[in-house]
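Let me begin by presenting the structure, written as structure tokens, before commenting on it.
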Amino acid sequence: MSHTGSESDAKVQEHFINAGGFLTRCLLAGPSDGKPVLLLHDAAFGGSSDVTWRQVLPALAKKYRIIAPDLLGFGGSDKVVFVDRSPYEFRNQHVLALLDVLGIKRPVHLIGSSFGGSMGLHMLREHASRLASVVSIAGAGGGWRTVFGREILGSWNGTREGLKAIAEVLASDSGTFSLDAHVDERFKSACTNGHYRAVTAAAIKLPPSLASSGDRDPFPRVPDSKIPVLLIAGQHDTLVEADWTEKLLPLLPSRSEALVMASKHSPNLDHAPALNEALLAWLTRHTD
């Protein structure tokens, strides 16, 4: 993936932008007059815009204006976290500030992987006017995670081998995806100064007297709207409950749908061609 300018609209350009007071690394691609598509990456250790979307971004950028930021705490963006509020809302506010800086006032099509998808679902409640549609790939909005998922994604011993164990539950080797190459890239991103502390800050266990009652964070019902939502589940995903889409759909706007892919947690990695086809079909259906 090129990070330099080019005459081709599909080429990716890397920018560092002050958004909401925070230095923000952002990948931009696609025609400047294309319908805007916002890509939000996963929050596993080492997640970033290019680590998560390398196999997806070029295909979408042939037609759409792509904005793919590194979320706060990740990649090349500031390693900032707030531990006294939802992990979704302060990052949503940051992403919206980035769109404002870029002059994107029209509603965007938001596509998120895992945590990024959950950000999109939460944005339906407070910032629906900024959305044209939402696609959540394995992001259940905070609820319906398995015990195994919370355990394996909540800790990392700092080694490449430890990170590979995490990557193995996200994706598998395929004809278009090398797990080892992905681990190398994710490990480099995970070793960025401040990233480990930023990711683990919210996972630090509190003394029993300070812990809130219950640790589930089910996604709340959102007001019905005309904003279409697509949930994409992996048939072999062990990080969320198998029926999470069935539980979540009744809480979402009536125009919501679900799609199951023969993947683990992250089809954007090892099932990119099939996912790209599904995403382009969705965007075509829901673009004026």
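The values are calculated or read from the model by the stated rules, or taken from the named source; none is laboratory data. Not measured: the values here are computed from a predicted model. Cβ coordinates were reconstructed from backbone atoms using ideal geometry, including for glycine residues, and neighbour counts include every protein chain displayed. What goes into the accessible areas is simple: the full protein's heavy atoms, side chains included, and nothing from ligands, DNA or RNA. Shrake-Rupley method; radii C 1.70, N 1.55, O 1.52, S 1.80 Å.
Mind listing whichever residues of the range 259-288 are farther than 25 Å from ARG65 by Cβ and surrounded by 15 or more Cβ atoms within 10 Å (Cβ to Cβ)?
Within the range 259-288, MET261, SER263, LYS264, HIS265, ASP270 qualify.
Would you mind stating whether GLY47 is touching a Phe, Trp or Tyr at 6+ places or on another chain (Cβ under 6 Å) and closer than 14 Å to SER113 by Cβ? Give the derivation first.
Details: touching a Phe, Trp or Tyr at 6+ places or on another chain (Cβ under 6 Å): yes; closer than 14 Å to SER113 by Cβ: yes.
It is true that GLY47 is touching a Phe, Trp or Tyr at 6+ places or on another chain (Cβ under 6 Å) and closer than 14 Å to SER113 by Cβ.
Got at least one residue in the range 116-134 being in contact with a helix residue (DSSP H, G or I) (Cβ under 9 Å, 6 or more places away or on another chain), modelled with pLDDT of 95 or more and more than 18 Å from PRO253 (Cβ to Cβ)?
Yes.
PRO87 is checked against (1) surrounded by fewer than 21 Cβ atoms within 10 Å (Cβ to Cβ); (2) assigned to a loop (DSSP other than H, G, I, E, B); (3) not small (Gly, Ala, Ser) and fails just one. What number does that condition carry?
Checking PRO87 against (1) surrounded by fewer than 21 Cβ atoms within 10 Å (Cβ to Cβ); (2) assigned to a loop (DSSP other than H, G, I, E, B); (3) not small (Gly, Ala, Ser), the one that fails is (1).
Determine which single condition ALA211 fails, assuming it passes every other condition in (1) modelled with pLDDT of 90 or more; (2) open to solvent by less than 60 Å² (accessible area, probe 1.4 Å).
(1)
Taking the range 245-258 as the region of interest, how many residues are open to solvent by 60 Å² or more (accessible area, probe 1.4 Å) and either part of a loop (DSSP other than H, G, I, E, B) or in contact with a helix residue (DSSP H, G or I) (Cβ under 6 Å, 6 or more places away or on another chain) (or both)?
2
Looking only at the range 50-63, decide whether some residue is over 19 Å from ALA278 (Cα atoms) and crowded, with 20+ Cβ neighbours inside 10 Å. Even if it seems obvious, please write down each step before you answer.
In the first step, residues of the range 50-63 are kept if they are over 19 Å from ALA278 (Cα atoms); the result is 50-51.
Then keep just the ones that are crowded, with 20+ Cβ neighbours inside 10 Å; that gives 50-51.
Yes: the range 50-63 contains one or more residues that are over 19 Å from ALA278 (Cα atoms) and crowded, with 20+ Cβ neighbours inside 10 Å.
Could you check VAL95 against (1) in a loop (DSSP other than H, G, I, E, B); (2) crowded, with 24+ Cβ neighbours inside 10 Å; (3) in contact with a Pro (Cβ under 7 Å, 6 or more places away or on another chain) and say which number it fails?
Here VAL95 clears every test but (1).
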